[in-house]
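Report on one structure; see the data block that follows.
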Amino acid sequence: MGLESVGDLAIHVILSKLGAQDTARVACVSKRFCSSASDDTLWINHCFHELALTQPLDHLGNPLSSFKECYQAWRGAFVMYPWSLVKRVKRCWDKIKTWLTNNFPEAEATLCKGATEADIQELENVLKVKLPLPSRILYRFHNGQEIAKADPETTTYGSSLGLIGGYSFYSHLVNVYLLPIRQIILETKQTRRHLSFLRRSKYVLVAASSTYSRKLFFLNCTNGQLYVGTRDLLTEGDIIPCVPHDLINLHQELNISEQQDAMLLWLEEHGRRLEHGFIKLHDKGNGKSINLFPEEPPLCSMAVTNGVKVRASALVIPELIDLQDDLEKYLFAYSIRLSLEPQGCTINGMSFSSCQLHWRHWIIRANDIVISDVNGEAVIGQYPLLRPGAQEFVYQSRMHLPTPSGSIEGSFTFIPDWQTQKEILF
């Protein structure tokens, strides 16, 4: 019995077991199979499983008449790229955009529509580079952000809507966004006038802080690594890598799905931290922003003692690293968050509805060698009073280390409010 004698329902069941490419091949066999393979319920399944689409939209978000047309539009738009890599890049952007939609729609609104192949070709021709394949696809989905940079004559804030986010401590404020292609061309050309090695080694500027505090990210189009400028970027040309070199794979002869440059790895990790709540949105006087200080374990240390909850995390601040200074080469910023649990402060079976910080003690190590032992009253000149349900007391500070790794440990001493003492009920 030939397939032509098989019933329509059986044909549909068979086709539903096939992938999109095999479904398209079956459609070429006969007019009947072509009609069966055009059933949109089949393409709903392909669009969902391959592209996580629940509506027939093209890669720019434009609505289409059917899921079959939708799938064809996607394959046509990315016909020059490995399909497995396209799907991986889409998953990366979907994770970030889902978080933005739910938490930070103001930042999502700054994302530009995908660049065209002509846009990318112009960048490559003007700057005489060849973008790594994963970065090309990243820009095909979204051509960076439209962000207003700070005017050094009027403000240090700039925009707080950077997709990558940032941090602040003392007068240092950073908020990083992805540059659109036209800005990559313009600012890379300007930077190359001061740093000739960028031109020789095929670097392009892909991300920067919108604030007056300088932080610049450069993609090396030859090896696929992403670098960030240090304090001596303009004087010594010092940059440091953002991703372990061993993770980068641009070799065409290897498994195509494993191709990855630092730009893709960087954004994937950023999306993971957003999705799992390791980094969160903060709303301060100068606007909402993504805060890069981790707030949840394992990237954040947490302890609860006698009802006082302390969360601590640290970041290396690459733009203030001085590779020429042997004693204070690396700069780390740390964030401390203090709060009181709902039951209040409990000491020796007695409960207090508030307590106030009095003393701190820090032991700072570089490669397990103690370099500082700090004892003193208050933190940043303040004695925070903690109450259950009140807003966390948060402060940031910084420290220099001669090594790229180190640790800080210590304790806080709090004084309970004896006027609010109350007996614990067992």
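The values are calculated or read from the model by the stated rules, or taken from the named source; none is laboratory data. What you are looking at is a predicted structure, and each value in this text was computed from that prediction instead of being measured. Cβ atoms come from the backbone with ideal geometry, glycine included; neighbour counts cover every protein chain shown. These area figures cover heavy atoms from the full protein model, side chains too; ligands, DNA and RNA do not enter into them. Shrake-Rupley method; radii C 1.70, N 1.55, O 1.52, S 1.80 Å.
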Based on the alpha-carbon gyration tensor of region 56-194 and its eigenvalue square roots a ≥ b ≥ c, which shape applies: rounded if a/c is under 1.5, prolate if not and a/b is larger than b/c, or oblate?
oblate
Dipole check, the chain, charges on Cβ (K,R +1; D,E -1), about Cα centroid: among L299, N175, L85 the Cα furthest to the positive pole belongs to L85
Taking only Cα atoms of region 83-276, radius of gyration then Dmax in Å:
16.2, 52
Estimated [θ] at 222 nm from DSSP helical runs (n ≥ 4, -39500 (n - 2.57)) normalised by residues in the chain, nearest 500:
-9000 deg cm²/dmol
Divide the volume of the convex hull of the Cα atoms of the chain by its number of residues and quote the answer in cubic angstrom per residue.
213
Loop only by DSSP, 16 or fewer other Cβ within 10 Å of the Cβ. Give me the trypsin sites (Lys or Arg not before Pro) in region 6-56 that pass, ordered by residue number.
K17
Surrounding net charge for P56, when Lys and Arg each add one and Asp and Glu each subtract one, Cβ distance under 9 Å:
-2
Just need the Rg to Rh number for region 69-127, please, alpha carbons only, Kirkwood Rh.
1.04
What is the P(r) of region 3-78, as percent of Cα-Cα pairs per 5 Å bin from 0?
3, 17, 29, 22, 15, 9, 4, 1, 0
Diffing region 305-315: the Karplus 3J(HN,Hα) column from phi (6.51, -1.76, 1.60, θ = phi - 60°), in whole Hz with x for Gly and Pro, holds 10, 6, x, 8, 9, 10, 10, 9, 8, 9, 9
Let me know the shape class of region 294-416, please: from the alpha-carbon gyration tensor, a ≥ b ≥ c as square roots of the eigenvalues, rounded when a/c is under 1.5, otherwise prolate if a/b is greater than b/c, or oblate.
prolate
Fully extended, how many nm does the chain gain between N125 and V79 (0.36 nm per residue separation, minus their Cα-Cα distance)?
14.4 nm
Tell me the per residue accessible area of the chain using a 1.4 Å probe; a whole number in Å² is fine.
50
Express the carbon and sulfur contribution to the solvent-accessible surface of region 3-78 as a percent, rounded to the nearest whole number, probe 1.4 angstrom.
61
Total charge of the residues flanking L161 in space, meaning their Cβ is under 10 Å from its Cβ, with Lys and Arg +1 and Asp and Glu -1, is -2
